[in-house]
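Read the structure below first, then the notes.
The values are calculated or read from the model by the stated rules, or taken from the named source; none is laboratory data. Quick caveat, the model's predicted, so the values are computed rather than measured. Counting neighbours? That spans all protein chains shown, and the Cβs are built from the backbone with ideal geometry, glycine included. Remember, those area values only see protein heavy atoms, side chains included, never the ligands or the DNA or RNA. Shrake-Rupley method; radii C 1.70, N 1.55, O 1.52, S 1.80 Å.
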Amino acid sequence: GQQVMQIPQYQHVQEGEDFTTYCNSSTTLSNIQWYKQRPGGHPVFLIQLVKSGEVKKQKRLTFQFGEAKKNSSLHITATQTTDVGTYFCAGRLSKLIFGQGTTLQVKP
Amino acid sequence: DTGVSQDPRHKITKRGQNVTFRCDPISEHNRLYWYRQTLGQGPEFLTYFQNEAQLEKSRLLSDRFSAERPKGSFSTLEIQRTEQGDSAMYLCASRQSGGGTTNEKLFFGSGTQLSVL
């Protein structure tokens, strides 16, 4: 079936280090969205990428959409403890399919 | 509060019982989605409505699950004859369609945590 794969599953970093999570689809996506879920919370929308090769920035967060629209990445520069949570990509095929998420732990 | 509301927040039930959850979307949103999330996994699509019409239902969804959105506003998700494998967080989300591909942001509710004993 249609799947969106996300790696790594977990990432532990020291505060101030960078963090990257990767998302891959076997089929071309119409668009890709990223969500953040804090522990005990619900997914909160971060951004949507639509165009091939698109790059968007939100402060310390950089989102990329691959040229073939099959992969995407989220990079956080100089992590802070407030970045803790699980980051999900969600690829749009006929419906929105979520990856398994990458859980980020930040050690102060 | 103009966000997506779900009720109840927690539900504990015995195997074999029926349960019903409610979702109140953001009022101007015509699309309403149900997702299920288990620990360590991303939200898994169950079904969605545009107004009162149920447009898609996951093939993974057994016939014990049914959802309604009778007046195109709130929605209910019912699980009949619950099984332990139904234990999960049930998330509702809504959005307004019609913006092409540029505005597909989903607004999630806080979810209903179901525990089947």
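Structure summary
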{"quantity": "The lone exception for A:Trp34 - which of (1) in a strand (DSSP E or B); (2) within 10 Å of chain B (Cβ to nearest Cβ) it fails", "calculated": "(2)"}
{"quantity": "Among residues of the stretch B:73-112, those that are open to solvent by 30 Å² or more (accessible area, probe 1.4 Å) and part of a strand (DSSP E or B), counted", "calculated": "4"}
{"quantity": "Qualifying residues in the stretch A:80-93 (those that are in contact (Cβ under 8 Å) with a residue 24 or more places away in the chain and in a helix (DSSP H, G or I)) - the one most open to solvent (accessible area, probe 1.4 Å)", "calculated": "A:Thr81"}
{"quantity": "Given (1) under 16 Å from B:Tyr90 (Cα atoms); (2) in contact with a Phe, Trp or Tyr (Cβ under 6 Å, 6 or more places away or on another chain), index of the condition B:Glu56 fails", "calculated": "(1)"}
{"quantity": "Members of the stretch B:50-63 found to be more than 10 Å from chain A (Cβ to nearest Cβ) and among the polar types (S, T, N, Q), listed by number", "calculated": "B:Gln50, B:Asn51, B:Gln54, B:Ser62"}
{"quantity": "Selection status of A:Gln6, within 13 Å of chain B (Cβ to nearest Cβ) and touching a residue at least 40 places away in the same chain (Cβ under 8 Å)", "calculated": "yes"}
{"quantity": "Positions within the stretch B:5-35 being at pLDDT 95 or above, away from chain A (no Cβ under 13 Å), open to solvent by 50 Å² or more (accessible area, probe 1.4 Å) and outside any strand (DSSP E or B), in sequence order", "calculated": "B:Lys14, B:Arg15, B:Gln17, B:Asn18"}
{"quantity": "Criterion: open to solvent by less than 10 Å² (accessible area, probe 1.4 Å), within 14 Å of chain A (Cβ to nearest Cβ) and among the β-branched types (Val, Ile, Thr) - qualifying residue of B:Thr47, B:Thr38", "calculated": "B:Thr47"}
{"quantity": "The listed residue being among the polar types (S, T, N, Q) and closer than 17 Å to B:Phe45 by Cα, out of A:Ser94, A:Ser72, A:Ser26, A:Ser52", "calculated": "A:Ser94"}
{"quantity": "Any chance A:Ser52 is under 20 Å from B:Arg31 (Cα atoms), in contact (Cβ under 8 Å) with a residue 12 or more places away in the chain and exposed (fewer than 15 other Cβ atoms within 10 Å of the Cβ)", "calculated": "no"}
{"quantity": "Single condition A:His42 does not satisfy, out of (1) more than 21 Å from B:Leu46 (Cα to Cα); (2) open to solvent by 40 Å² or more (accessible area, probe 1.4 Å); (3) within 14 Å of chain B (Cβ to nearest Cβ)", "calculated": "(1)"}
{"quantity": "Residue count for the stretch B:26-59, restricted to those that are under 28 Å from A:Gln9 (Cβ atoms) and among the hydrophobic types (A, V, I, L, M, F, W, C)", "calculated": "4"}
{"quantity": "A:Arg92 vs. criteria touching a strand residue (DSSP E or B) at 6+ places or on another chain (Cβ under 6 Å), modelled with pLDDT under 95 and basic (Lys, Arg)", "calculated": "yes"}
{"quantity": "The lone exception for B:Ser115 - which of (1) assigned to a strand (DSSP E or B); (2) open to solvent by less than 50 Å² (accessible area, probe 1.4 Å); (3) under 29 Å from A:Trp34 (Cβ atoms) it fails", "calculated": "(3)"}
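Here's the yes/no breakdown for (1) small (Gly, Ala, Ser); (2) open to solvent by 20 Å² or more (accessible area, probe 1.4 Å); (3) within 11 Å of chain B (Cβ to nearest Cβ); (4) under 20 Å from B:Leu106 (Cβ atoms):
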position	(1), (2), (3), (4)
A:Val13	no, no, no, no
A:Asp18	no, yes, no, no
A:Arg38	no, yes, no, yes
A:Arg60	no, yes, no, no
A:Phe65	no, no, no, yes
A:Ala68	yes, yes, no, no
A:Asn71	no, yes, no, no
A:Ala78	yes, yes, no, no
A:Lys95	no, yes, yes, yes
